[in-house]
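Below you'll find the structure, written out as structure tokens, and then a few comments.
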Amino acid sequence: MKTRILIVGSGMGGTIVANGLARNLSHELRNGDASLTILGTTNTHLYQPGLLYVPFGRAREIELSRNERSILDRRVNFILDPAKLIDVEHNCVECESGKIHRYDYIIIATGSRLVPEMIPGLKEGAHHFYDLEGARKTREAIDNFEGGRVVININVPHKCPVAPLEITLMLDEHLSERGLRDKSEIIYTYPIGRLHGLEPVAHWALPEFDRRGIQYETFFNTKEVDPVGKTISSEEGDTLSYDLLITIPPHKGAAVVEASGLGPSGWIPTDPKTLLMKGSENVFVVGDTTDIPISKAGSTAHFEADTVIQNITHLVQEGRWARQYDGKVFCFIETGLSSGTYIWFNYETPPKPTPPTQMVHWAKLAYNRMYWLSAGGLL
Amino acid sequence: MSNRTTIDARKAFCPGPMMELIAALKTKEIGDEVEVLSKDKGSSNDIPLWTKKVGHQLVSNEKIDDYWSIVVKKMK
Ligand SMILES: Cc1cc2nc3c(=O)[nH]c(=O)nc-3n(C[C@H](O)[C@H](O)[C@H](O)COP(=O)(O)OP(=O)(O)OC[C@H]3O[C@@H](n4cnc5c(N)ncnc54)[C@H](O)[C@@H]3O)c2cc1C
């Protein structure tokens with residue numbers, strides 16, 4: 001009997017799973033014993049980590065995206081038709097076009113979306129760099145900035161755990177390069193009582209911030225922004241004025257997940273080891289969409305994808321499981337415009353940042369280019 | 001009747017138990033409770049401090065074996 005595999009979402013996780021399965025199941029796909037379909041909302045595959053460089057004019061936009069078809073294995077059936085309803089009881093997905101796809105295994109990789117509208121005034125008053133349009137506008141705002149107070153405001157949950165520190169440290173150096181640092185204050189706000197969710201990273205960042213004269217307000221959970229009066233206030237009762245407000249807005253999972261009743265706020269309850277949706281035996285979840293309490297990052301999506309590729313391959317070919325996900329996450333951290341460090345951790349091992357070097361910065365830049373090989377299944 | 005949800009952050013090094021709690025509370029109704037299970041001693045100090053600052057209610061903060069169970073009720 002033919003095994004129908006359906007992937008929803010052609011971002012980082014979905015694309016890696018599709019290419020990995022196409023390679024491993026080439027025999028079954030050729031013989032017609034398996035089919036592999038991926039549903040997407042767009043033809044453009046955006047390399048989101050590259051957005052970090054856009055506000056500083058350090059990325060060529062043309063390098064940040066590719067045509068999705070061009071990075072997918074030719075054996076994968078790519079359909080540009082967003083999922084409208086994922087019906088896990090009846091093993092089928094209804095698309096916007098009305099077409100229904102039935103499956104034996106489904107991989108949900110619909111990522112996360114920005115919901116600045118959850119905080120009154122945030123959308124109107126703040127810049128962000130979490131999509132291309134936002135990053136371009138942030139670049140314009142930074143270009144026009146002539147000194148004053150910049151507030152960098154972090155909300156949760158958000159993807160890419162280290163982006164808050166990266167944008168802050170890069171902005172510090174960028175303003176110095178432009179001769180504006182002496183005329184500017186940078187204030188970083190963070191929801192909990194330290195500079196970062198990961199304790200070792202918070203300890204590492206503190207002396208770095210102090211050395212650079214970056215101020216911080218911790219326990220700052222954004223309540224509202226007044227875009228006219230240019231102030232931002234917290235649930236904890238603090239208010240800051242700003243000349244330039246850069247935010248990482250809160251996120252939710254994809255709307256289709258909520259609409260299908262698969263998880264509150266679009267996060268799907270997922271077994272941290274098997275990556276199966278809780279209570280299911282054929283619904284896999286990859287990337288930002290899971291509710292596993294680990295970082296929402298491209299590397300998480302990648303390592304999860306590797307686990308799912310192996311397990312589905314073994315299930316199809318031998319009817320058994322191959323392995324479990326160990327919670328591995330790896331993040332490069334840009335610590336300025338020409339230095340970087342990295343962290344890795346898993347469910348058992350905490351992260352340990354090492355002193356920044358220029359070498360790691362180059363490694364991150366090199367990875368940014370190699371991403372296309374990695375998503376394409378070649379690395 | 002208040003609803004109680006549990007977040008098992010005992011194996012979470014990121015984004016950290018308190019971040020998980022804050023994110024969860026955002027999606028809850030007033031009166032709902034969120035329980036966080038955490039091995040991070042810092043959480044058992046930080047969460048009560050923050051809860052008081054923001055104006056939510058700390059329902060309990062107990063050490064069980066090698067982890068803490070902290071229950072917070074959403075008040076606003
Ligand atoms: C500025 C920035 C910097 C970052 N830096 C890093 C970094 O340095 N390192 C790192 O590891 N990670 C980084 N990340 C995070 C990383 O990009 C994400 O965590 C990763 O893309 C998650 O992969 P995903 O497959 O879960 O989601 P995505 O890659 O976002 O893909 C989800 C896909 O699902 C599609 N979709 C949504 N709804 C539907 C539907 N109804 N039907 C069909 N398709 C749907 C979307 O259109 C999208 O294409 C960064 C992110 C940003 C924004």
Just to check I understand the Karplus step: with θ = phi - 60° and J = 6.51 cos²θ - 1.76 cosθ + 1.60, what whole-Hz values come out for the stretch A:346-363, glycine and proline as x? 9, 4, 9, 10, x, x, 9, x, 10, x, x, 9, 5, 4, 5, 4, 5, 4
Please give the per residue accessible area of the protein assembly as shown, computed with a probe of 1.4 Å over protein heavy atoms only, in Å². 42 Å²
Mind checking the mean number of beta-carbon atoms from other chains within 10 Å of the Cβ atoms in A:190-199? 6
Long-range HN-HN contacts of A:Lys84 with modeled amide H, under 5 Å: A:Glu94, A:Cys95, A:Glu96
For chain A, calculated [θ]222 nm from helices alone, where every DSSP H run of n ≥ 4 adds -39500 (n - 2.57): -9000 deg cm²/dmol
Which of the GluC sites (Glu not before Pro) found in the stretch A:179-234 are in a DSSP loop and have at most 16 neighbouring Cβ atoms, other than their own, within 10 Å? none
Under 11 Å from the Cβ of A:Ala34, count the other residues' Cβ atoms, weight Lys and Arg +1, Asp and Glu -1, and hand me the total. +1
Among rounded, prolate and oblate, which fits chain B when a ≥ b ≥ c are the square roots of the eigenvalues of its C-alpha gyration tensor, a/c under 1.5 means rounded, and a/b larger than b/c means prolate? prolate
Cleavage-rule hits, trypsin sites (Lys or Arg not before Pro), the stretch A:247-324, DSSP coil, Cβ neighbours within 10 Å at most 14: A:Lys273, A:Lys278, A:Arg320, A:Arg323
Averaged across A:288-294, how many Cβ atoms of other chains sit within 10 Å of each residue's Cβ atom? 4
Ranked by how many other beta carbons lie within 10 Å on average, peptides A:287-293, A:169-175 from highest: A:287-293, A:169-175
Between A and B, buried accessible area summed over both sides at probe 1.4 Å, in Å² to the nearest 100? 2100 Å²
Solvent-accessible ranking of B:Val59, A:Val228, largest area first, probe 1.4 Å: A:Val228, B:Val59
Sequence of A:Trp267, A:Trp344 when ordered by accessible area, the most exposed leading, probe 1.4 angstrom: A:Trp344, A:Trp267
Please average, across the residues of A:145-157, the number of beta carbons from any other chain that are within 10 Å of each residue's own beta carbon, and give a whole number. 2
How far is the Cα center of the stretch A:307-325 from the Cα center of the stretch A:50-99, in Å? 24 Å
For a quick protection proxy, order the peptides A:54-63, A:5-14, A:368-377 by their average other-Cβ count within 10 Å, most packed first. A:5-14, A:368-377, A:54-63
Of A:Gly213, A:Thr290, A:Val8, farthest towards positive along the dipole that unit charges on Lys, Arg, Asp, Glu beta carbons give chain A: A:Val8
For a quick check of your reading of the filter: which trypsin sites (Lys or Arg not before Pro) in the stretch B:23-63 sit in a DSSP loop and have no more than 16 other Cβ atoms within 10 Å? B:Lys39
For A:Lys278, which lysines qualify as cross-link partners when the Cα separation must be under 18 Å and same-chain residues fewer than eight apart are set aside? B:Lys11
DSSP beta bridges in chain B: the antiparallel percent, rounded to 5, is 70 percent
Let me have the relative contact order for the stretch A:167-320, percent, based on Cα pairs under 8 Å that are six or more residues apart. 11 percent
With a ≥ b ≥ c the root eigenvalues of the C-alpha gyration tensor of the stretch A:115-246, is it rounded (a/c under 1.5), prolate (a/b larger than b/c) or oblate? rounded
Size of the dipole of the stretch B:4-73 about the Cα centre, Lys and Arg at +1 and Asp and Glu at -1 on the beta carbon, nothing else charged, in debye to 20? 180 debye
Given contacts defined as C-alpha pairs under 8 Å and at least six residues apart, what's the relative contact order of chain A, whole-number percent? 19 percent
For the protein assembly as shown, what is the Kirkwood hydrodynamic radius in Å, using each pair of distinct C-alpha atoms? 22.8 Å
Excluding residues fewer than 8 positions from A:Lys273 in its own chain, the aspartates and glutamates with Cα under 17 Å of it are A:Glu281, A:Asp288, A:Asp291, A:Glu304, A:Asp306, A:Asp326, A:Glu348, B:Asp8
Relative to a virtual label point 7 Å from the Cα of A:Leu85 in the Cα→beta-carbon direction, which members of the stretch A:247-275 show backbone nitrogen distances below 12 Å? A:259-261
Where is the GNM fluctuation largest for chain B (alpha-carbon springs, 10 angstrom cutoff): B:Asp65, B:Asp46, B:Asp32? B:Asp65
Relative contact order for the stretch A:3-162, counting Cα pairs under 8 Å that sit 6 or more residues apart, in percent: 28 percent
Taking θ = phi - 60°, what integer Hz values does the Karplus form 6.51 cos²θ - 1.76 cosθ + 1.60 yield along the stretch A:257-271, in sequence order, with x for Gly and Pro? 5, 5, 4, 8, x, 8, x, x, 6, x, 9, 8, x, 10, 5
Are any of the pairs A:Lys296/B:Lys52; A:Lys352/B:Lys39; A:Lys159/A:Lys328 more than 20 Å apart by Cα-Cα distance, and if so, which? A:Lys296/B:Lys52
For chain A, the dipole about the Cα centre with charges only on Cβ (Lys and Arg +1, Asp and Glu -1), to the nearest 20 debye, works out at 1080 debye
HN-Hα J in Hz across the stretch A:170-187 - Karplus 6.51, -1.76, 1.60, θ = phi - 60°, x for Gly and Pro: 5, 5, 4, 6, 4, 5, 4, 4, 8, x, 9, 5, 5, 9, 10, 10, 10, 10
In whole percent, the fraction of accessible protein surface over the protein assembly as shown that belongs to carbon or sulfur atoms, probe radius 1.4 Å, stands at 50 percent
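The values are calculated or read from the model by the stated rules, or taken from the named source; none is laboratory data. None of the values given here were measured: they were computed from a predicted structure. No Cβ is skipped: glycine too gets one built from the backbone with ideal geometry, and neighbour counts run over all protein chains shown. Quick note on the areas: whole protein, heavy atoms, side chains included, nothing else; ligands and nucleic acids left out. Shrake-Rupley method; radii C 1.70, N 1.55, O 1.52, S 1.80 Å.
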